[in-house]
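Peer 1: Dropping a structure here in structure tokens format, bear with me for questions.
The values are calculated or read from the model by the stated rules, or taken from the named source; none is laboratory data. None of the values given here were measured: they were computed from a predicted structure. Here Cβ is always computed from backbone atoms with ideal geometry, including for glycine, and neighbour counts include all displayed protein chains. Please note that ligands, DNA and RNA were not included when accessible areas were found on the heavy atoms of the full protein model with its side chains. Shrake-Rupley method; radii C 1.70, N 1.55, O 1.52, S 1.80 Å.
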Amino acid sequence: PPAGVVLFFQGEPQSMRFVSTFSLQQAWRGAPHILEYQVIRGEDDQGVRLIVNEVPYTGPLGAGALCVSRAVDPALGMLVTRFRPIEPSPQSFVLADRLASCQFQYLEPPAGAERPVEKWVPLWVQATLPRGIRVEMVPLAASAARMPPITVTVPVRVDRNLEMRYVD
């Protein structure tokens, strides 16, 4: 992104946040929303569950309120955006429940090789969007009566530029 423009994308192993025009309630007809995915403890501490919050996107200032700071991460040696924690609420939608594990991975762009090898990483701190997102889910217990959760991999498509400018 150009100087002063911050990519609004949080990509961590158990948390993911970005702006999308797709909504569970409004499908593709909706206005932009900030989608907040979080892996939390399951009911009665039985495994984990995957939830999503949909927050109306009100513009760069509203999105910026979810950012705590921009600072150099000592472990990574690069400038990163720090986000507020994603909080479950009564409005959170449970996407998957009774999971032994759930984690997000992010597909890096090819490194320029003739035959690029897919490289999935558990933390996204680059200044561009990942090429894809993978949600790996493992059920807590197998059940013939329930559809088991599966690993889902989706490409990242950008059809609008919703920039967030950051002023030092």
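Peer 1: How many nm separate the modelled label positions at Leu61 and Ala111, each set 7 Å beyond the Cα in the direction of the Cβ?
Peer 2: It works out to 4.4 nm between the two label points.
Peer 1: Now for a different question. Largest first, how would Arg98, Arg70, Arg17, Arg49 line up by accessible area (1.4 Å probe)?
Peer 2: Reading off the accessible areas and sorting them downward yields Arg98, Arg70, Arg49, Arg17.
Peer 1: Under the Karplus relation 6.51 cos²θ - 1.76 cosθ + 1.60, θ = phi - 60°, what is the ordered set of whole-Hz ³J(HN,Hα) values for the range 6-21, x standing for Gly and Pro?
Peer 2: Running phi through 6.51 cos²θ - 1.76 cosθ + 1.60 with θ = phi - 60° gives 10, 6, 8, 8, 10, x, 10, x, 10, 9, 8, 9, 6, 9, 9, 8 Hz.
Peer 1: In whole Hz, with x marking every Gly and Pro, tabulate ³J(HN,Hα) for the range 97-108 from phi via Karplus 6.51 cos²θ - 1.76 cosθ + 1.60, θ = phi - 60°.
Peer 2: 9, 6, 9, 6, 7, 7, 8, 9, 9, 10, 8, 6
Peer 1: Among Thr81, Thr128, what's the order by accessible area (1.4 angstrom probe), most exposed first?
Peer 2: The residues order as Thr128, Thr81, largest area first.
Peer 1: So, in nm, how far is label Leu76 from label Asp45 when the simple model puts each one 7 Å beyond its Cα toward the Cβ?
Peer 2: Result: 3.2 nm between the two label points.
Peer 1: How large is ³J(HN,Hα), in whole Hz, for each residue of the range 38-44 in order, when computed from phi with the Karplus curve 6.51 cos²θ - 1.76 cosθ + 1.60 and θ = phi - 60°, using x for Gly and Pro?
Peer 2: These are the phi-based 3J(HN,Hα) values: 8, 8, 10, 4, x, 4, 6 Hz.
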